[in-house]
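As structure tokens, the structure follows; a few thoughts come after it.
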Amino acid sequence: MECLAGTFDPVSAENLLALGLDARWTALDVGAGSGSLSAWLASVAASPDQVTAVDRDTRFLTPLAAEGVRVVEADITDPAFHPGRYDLVHARFVLMHLRDRDEVLRRLASWVKPGGLLVLSDALAAGGETSPHEAYRRTITAYWRMLAETIGSDRHCVAQYPRALTELGLRDIGLHTHLPVVGLHDAFSRFLALTLDQSRGRLLGAGLPEAAYDEAVKHLNDPSAREVFFAMATCWGRTPVLP
């Protein structure tokens, strides 16, 4: 999570500031994870208690609570969970891993105040499955297949968010993508290395040859390697002020 934050927090912050984030806004950070972006939102807000960080696992969010951020341990897929309404509802790398993402998306939109913003970021697979390096290509293809089969992750669903937000009645919709390069972005390279290491057992168990896995890791350890894994695509929309 720290590697993801180091890679994508500056991009998320730049996007939110460009969309008009200011000290008056209340914000809900869904799937807050390590709390890095929630902490940044609190630094922008006039008061930290304007920010709510929600996650099923809040072990890393305790320092935020001590600083005044509202920390909520909850499952956003639970229909009984109603956190209130906010000027900004933000979720990063959350919906793509939920099988019932369409229903959760509708619920996220319902938590946005009139005139407020819903901002969603997810991974968009790019390049890994078409890499000219065979072992890397096979390993990344196996990784995405494993995620889809085990937890239902969708590596392309973010491409449908502009349509989905339009159908929900949101306006001023936009999309921004950021594509880090493995070998050029240290934090992202570290994230991929850790991801493959933690996934090794499942990948081999699902049929990826060990030789292919080892060759992919060796390739990524080469300082001259230049590969892509996924882009972060961020989609946003504003709720109408009047029905």
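For (1) over 18 Å from F8 (Cα atoms); (2) in contact with a strand residue (DSSP E or B) (Cβ under 9 Å, 6 or more places away or on another chain); (3) among the aliphatic types (A, V, I, L, M); (4) not in a strand (DSSP E or B), each residue gets a yes or a no:
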position: A39; (1), (2), (3), (4): no, yes, yes, yes
position: V71; (1), (2), (3), (4): yes, yes, yes, no
position: K113; (1), (2), (3), (4): yes, yes, no, no
position: D122; (1), (2), (3), (4): no, yes, no, no
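Among residues of segment 24-35 being assigned to a loop (DSSP other than H, G, I, E, B) and of a type outside the set (A, V, I, L, M), the one that is surrounded by the fewest Cβ atoms within 10 Å (Cβ to Cβ) is R24. Scanning segment 45-71 for residues that are among the β-branched types (V, I, T) and either in contact with a helix residue (DSSP H, G or I) (Cβ under 7 Å, 6 or more places away or on another chain) or crowded, with 17+ Cβ neighbours inside 10 Å (or both) yields V51, T52, V54, T58, V69, V71. Hey, any hits in segment 208-224 for a residue that's outside any helix (DSSP H, G or I), open to solvent by 60 Å² or more (accessible area, probe 1.4 Å) and hydroxyl-bearing (S, T, Y)? Yes, segment 208-224 has at least one match. Considering only residues that are in contact with a helix residue (DSSP H, G or I) (Cβ under 8 Å, 6 or more places away or on another chain), outside any helix (DSSP H, G or I) and at pLDDT 95 or above, which ones fall in segment 1-23? Within segment 1-23, L21, A23 qualify.
Of everything in segment 133-169, what is farther than 19 Å from R200 by Cα, touching a residue at least 24 places away in the same chain (Cβ under 8 Å), open to solvent by 70 Å² or more (accessible area, probe 1.4 Å) and assigned to a helix (DSSP H, G or I)? Give them in sequence order. Across segment 133-169, the qualifying residue is only T166.
The values are calculated or read from the model by the stated rules, or taken from the named source; none is laboratory data. The structure displayed is predicted, hence computed values, not measured ones. Don't worry about glycine lacking a Cβ; one is built from the backbone with ideal geometry, like all the others, and counts go over all protein chains shown. Only protein heavy atoms, including side chains, enter the accessible area calculation; ligands, DNA and RNA are left aside. Shrake-Rupley method; radii C 1.70, N 1.55, O 1.52, S 1.80 Å.
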